[in-house]
Amino acid sequence: MAEQLFECGKCGQLTPLITGSVWMENEIIYEFAECEKCHGKTTIFYSDKEIRSLLIKQKNTKPGNYREKLATEIQDRMNRLRQEME
């Protein structure tokens, strides 16, 4: 299987995808990718208890309009949380 690469948000180099997560205050999880070259962290997403609950609900929902609606709601909540955290 080919190694998955990502472009570092700090140095711009292609590097193997190394992900990590950190539990923050208020049960928020910070998911990030770390550059193998400069060790800079690029944000993937933030999630709180409500977002994680919606992700589980989405995973257990059959494809269709409701699942798409859940995806849109999850994305909106993640974007708002990211703006609050950064």
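The values are calculated or read from the model by the stated rules, or taken from the named source; none is laboratory data. No experiment lies behind these values; they were computed from the predicted model shown. Heads up, the Cβs are rebuilt from the backbone with ideal geometry, glycines too, and the neighbour counts pull from every protein chain shown.
Please specify each residue of region 22-41 satisfying the condition of being surrounded by 12 or more Cβ atoms within 10 Å (Cβ to Cβ), without any contact (Cβ under 8 Å) to a residue 40 or more places away in the chain and in a strand (DSSP E or B).
The answer is Ile29, Glu31, Phe32, Ala33, Glu34, Lys41.
What's the total number of residues in region 33-85 that are in contact with a strand residue (DSSP E or B) (Cβ under 7 Å, 6 or more places away or on another chain) and among the acidic types (Asp, Glu)?
Here is the first cut: in region 33-85, the residues in contact with a strand residue (DSSP E or B) (Cβ under 7 Å, 6 or more places away or on another chain) are 33-37, 41-47, 78, 81-82, 85.
Still in the list and also among the acidic types (Asp, Glu): 34, 36.
The qualifying residues number 2.
What are the residues in region 9-29 that are at pLDDT 90 or above and among the hydrophobic types (A, V, I, L, M, F, W, C), if any?
Cys11, Leu14, Val22, Trp23, Met24, Ile28, Ile29
Across region 42-86, what is the total count of residues that are surrounded by 13 or more Cβ atoms within 10 Å (Cβ to Cβ), in contact (Cβ under 8 Å) with a residue 12 or more places away in the chain and outside any helix (DSSP H, G or I)?
Total meeting the criteria: 7.
Please enumerate the residues belonging to region 23-37 that are under 20 Å from Phe6 (Cα atoms) and not aromatic (Phe, Trp, Tyr). Walk me through how you get there before you give the answer.
Keep residues of region 23-37 that are under 20 Å from Phe6 (Cα atoms), which gives 30-37.
Across region 23-37, the qualifying residues are Glu31, Ala33, Glu34, Cys35, Glu36, Lys37.
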